[in-house]
């Protein structure tokens with residue numbers, strides 16, 4: 001007979017992935033409200049300009065503070081992660 005395991009409670013959290021030009025891996029940032037940060041950054045990177053705008057954010061994950069020029073961001077994405 002197969003062993004029965006108790007059901008586990010899994011939590012999910014959203015991470016903001018920032019893909020930088022010239023970088024192979026995205027920067028993973030955690031915020032209290034990642035959707036609001038996504039909505040704030042998206043219009044800045046849609047504007048095609050040689051002069052970028054400095055974006056400074058304080059995050060809650062391993063990276064505590066980040067400063068990026070908007071013209072160095074290739075794309076951004078929201079990723080849902082499952083954690084125990």
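The values are calculated or read from the model by the stated rules, or taken from the named source; none is laboratory data. Computed from a predicted structure; not experimentally measured. Because the Cβ atoms are built from the backbone with ideal geometry, glycine has one as well, and the counts that use them run over all protein chains shown.
Side notes on the structure shown:
- Residue in the stretch 14-37 that is over 13 Å from the mean Cα position of the chain (by Cα) and assigned to a strand (DSSP E or B) present: no
- Scope the stretch 1-20; condition more than 16 Å from residue 81 (Cα to Cα) and at pLDDT 95 or above; matching residues: 19, 20
- Within the stretch 50-84, the residues that satisfy the criterion of being assigned to a loop (DSSP other than H, G, I, E, B), surrounded by fewer than 14 Cβ atoms within 10 Å (Cβ to Cβ) and touching a helix residue (DSSP H, G or I) at 6+ places or on another chain (Cβ under 8 Å) are 50, 51, 53.
- Some residue of the stretch 31-41 being surrounded by fewer than 13 Cβ atoms within 10 Å (Cβ to Cβ) and in contact with a helix residue (DSSP H, G or I) (Cβ under 7 Å, 6 or more places away or on another chain): no
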